[in-house]
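The values are calculated or read from the model by the stated rules, or taken from the named source; none is laboratory data. Owing to the predicted nature of the structure, the values given are computational and were not obtained by experimental measurement. Cβ atoms come from the backbone with ideal geometry, glycine included; neighbour counts cover every protein chain shown. These area figures cover heavy atoms from the full protein model, side chains too; ligands, DNA and RNA do not enter into them. Shrake-Rupley method; radii C 1.70, N 1.55, O 1.52, S 1.80 Å.
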Amino acid sequence: MTKKQLLSAIAAGAVLFSSVGCSFAKKENKKQELKEFTGFYCARNTSLDNDNEIRKLIAEKTGCILYEEWVEDQADIDKIFSDMMISGKYPDFISPDGPNCQRLIKEHAFIPLDNYWDEYPNLKALYTDAQWDILRAEDGHIYFIPLFSAVNKQVTGNIHDGEAFWIQVKVLEWANYPELKTLDDYFDLIEAYMEANPVDENGEPYIGYEIQATEVRMFALDNPPMFLDGHPNDGCCFVDPDTLEAKDYNLLPTAKRWFEKLNEEYHKGVIDPECFVMETADYYDKLLTGRVLGMVDQHWNFGSSERQLPAECTYIPFGLTIDGQLVERYRDNPAFNASTGVGVSTSCSDPDGAVEFMSKLIEPEILNLRYWGIEGVDYFVNDEGFFDQTEEQYKQWNDSKYTLSHKCEYSYMPHYGGMAPDGKNAYTSTNQPNIFHDHLAPAIQKCFDAYGKQTYTEFLNPPEENPAWYPMWSFESSVTEATEYGEVSKRISDIKHKYMPMMVMSDDFEKTWQEYKTEYNKANPQIYFDALTAEVHRRCGEK
């Protein structure tokens, strides 16, 4: 469907719904009348087949069916929502991007959902009162339900999507799968492997350690000291939980040791000498050669490249700390997304039915249908009560054609991540550890078994509950130079972009470090960290 067709369909649907109620339509061979809803979601996805089996089954059980529309590639998202607001005609459900979510609220495009909390307490139970309060508009109402932030029991997931010290499977196998806890452990292993294996099977030299350090992405250089000191990923600072003070890690002893270690490895030839003159594409190209033995990175940043590598050249995450004794905090729970979600539009002619449908979608039976499918068809339950899949079910469930004709996640409608409603299984088959482990490539499976792990996330500590302020990078990303602390933040960023590469390459590290400290302190960083502290207090409900 083109953008023009989509807008026409939305407008036509809105007119239709306003004239005939909620489009009650009798389905062939069905005694039950179905409420039909439309939804527009600001994400790229593939529309389900018209006769999708689980969508029809959910319709039978809830009395409602939802027809989803998604954003096309290259679509002008702002124009799509502007056209809706000009016409005043909306689909029944809308899940916009953050800026347009606020525009839609100001245009009174959503119904207030908090009016329904007493009637549908399971919807309210998705989040805490404090989290809901964050979402309240100026008039005191709540107009959307955040997505991908609600977790049942505990977070699940087999792939660590965040930051870590990554190292190739083949390096670990060569060393008989050692434990890595410190910077020295990590770089000593890479050095030893390069000494024993200076070139790959094609005669090309290995790159011991790679760094992505472009104007846009410097986190691989910038925030490891925060992790090495055992702090979670607040990004721009770490927070003292007792005093609620945002603190600066940039000049601490661990930061100095981090850059000093990189300087040592650079001069040993372990670090790619071209790392600071590469463009983003060059970084990914080098990963794709299979010659990069290790790096610090966020998995979401390199995962698409890793999927193209042979199994033995893929990477295992380690949560290093500066002394090997601190408790590492590389994993975190999903951050609460207060910027957008899904809401019911004022064009919906049966808003009560729409909210009721959302409530039914998070009932245990329906959640299992959405994310596991049909018992006996898509999975089975073993004698211990764990969900599992036969090889045939696994292949079928992961087949793209089967997905469109059979699976129906309603992924941009309210749901829980983490555990399934029974509190025993993962909420989705892709997060079930045994299913994941059993379908790993042999080289990776061998590595996991050597460490006694089933998933990548098990190589790192489980995440702790997110404190009220977390994560502070969400504040940092909104800072502009219109404020004094924003100007200071920009000066700090400029100084770090200049000096961090210099410290790695310097022939006199101590001298360069002292120059960096001097310039950094001239920027009056405390002004920025005072602003961060004030934001921490605000998020914690303190003045």
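When the P(r) of the stretch 186-314 is calculated, the portion above 16 Å amounts to 67% of the C-alpha pairs.
The GluC sites (Glu not before Pro) of the stretch 346-440 meeting both criteria, a DSSP state outside H, G, I, E and B (loop) and at most 12 other C-beta atoms within 10 angstrom of the site's C-beta, are Glu384. The fraction of all Cα pairs in the stretch 146-254 landing in successive 5 Å bins from 0 to the largest distance is 2, 8, 14, 16, 16, 17, 12, 8, 4, 2, 1, 0, given as whole percents.
Rg and Dmax of the stretch 146-201, based on Cα coordinates, read 16.8, 52 Å.
As a test, work out the antiparallel percent of DSSP beta bridges whose residues both lie in the chain, rounded to the nearest 5.
Once the DSSP bridges in the chain are tallied, antiparallel ones form about 60 percent.
With a 1.4 Å probe and every protein chain kept in, tell me what percent of the accessible surface of the stretch 82-127 is carbon plus sulfur. Numbers along the way, then the final one.
Numbers: 1040 of 2040 Å².
With neighbouring chains kept in place, the figure for the stretch 82-127 is 51 percent.
All distinct Cα pairs of the stretch 430-543 go into the 1/r average, and the inverse of that average, the Kirkwood radius, is 18.3 Å. The charge dipole of the chain, taken about its Cα centre with unit charges on the Cβ of Lys, Arg, Asp and Glu (plus for the first two, minus for the last two), comes to roughly 1420 debye.
Taking a Cβ cut-off of under 13 Å around Gly303, the surrounding Lys, Arg, Asp and Glu residues balance to a net charge of -3, with basic ones at +1 and acidic ones at -1. For the stretch 276-401, the pair-distance distribution built from all alpha carbon pairs, in bins 5 Å wide starting at 0, is 2, 7, 10, 9, 10, 13, 16, 13, 10, 6, 3, 1, 0 percent. The smallest convex shape that holds all Cα atoms of the stretch 370-472, its convex hull, gives 163 Å³ per residue. Taken along its three principal axes, the alpha carbon spread of the stretch 369-408 comes to 31, 20, 12 Å, from the longest extent down to the shortest.
Adding -39500 (n - 2.57) for every DSSP H run of four residues or longer, then dividing by how many residues the chain holds, sets the calculated 222 nm ellipticity at -12000 deg cm²/dmol. How far, in degrees from 0 to 90, does helix 53-62 lean away from the longest principal axis of the Cα atoms of the chain, to the nearest 10? Roughly 60 degrees, rounded to the nearest 10.
Identify which of the listed values of Rg and Dmax of the Cα atoms in Å was calculated from the structure shown: (i) 25.8, 95; (ii) 25.8, 82; (iii) 22.0, 73. Here the calculated entry is (ii). Within the accessible area of the stretch 292-441, what % is carbon and sulfur when the probe is 1.4 Å and the other protein chains stay in place? C and S fraction of accessible area: 48 percent.
Quick one: accessible area per residue over the chain, 1.4 Å probe, rounded to a whole number of Å²?
46
The fraction of accessible area contributed by carbon and sulfur in the stretch 150-235 is 44 percent, rounded to a whole number (1.4 Å probe; ligands and nucleic acids excluded).
For the stretch 92-148, the list of GluC sites (Glu not before Pro) that fall in a loop by DSSP and count at most 10 other C-beta atoms within 10 angstrom reads Glu138.
Using packing as a proxy for protection, rank 438-450, 79-91 so that the peptide with the highest average count of other Cβ atoms within 10 Å comes first. Numbers along the way, then the final one.
Numbers: 438-450: 15.5, 79-91: 18.3.
Those peptides, ordered most packed to least, come out 79-91, 438-450.
Relative to its residue count, the stretch 92-178 spans a Cα convex hull of 173 Å³ per residue. Distance from the alpha carbon centroid of the stretch 212-255 to that of the stretch 491-543 works out to 10 angstrom. Kirkwood's formula applied to the C-alpha pairs of the stretch 264-303 gives a hydrodynamic radius of 11.1 angstrom. Compute the long axis of helix 351-361 from its Cα atoms, compare it with the longest principal axis of the Cα atoms of the chain, and write down the angle in degrees, 0 to 90, nearest 10. Computed tilt is about 50 degrees.
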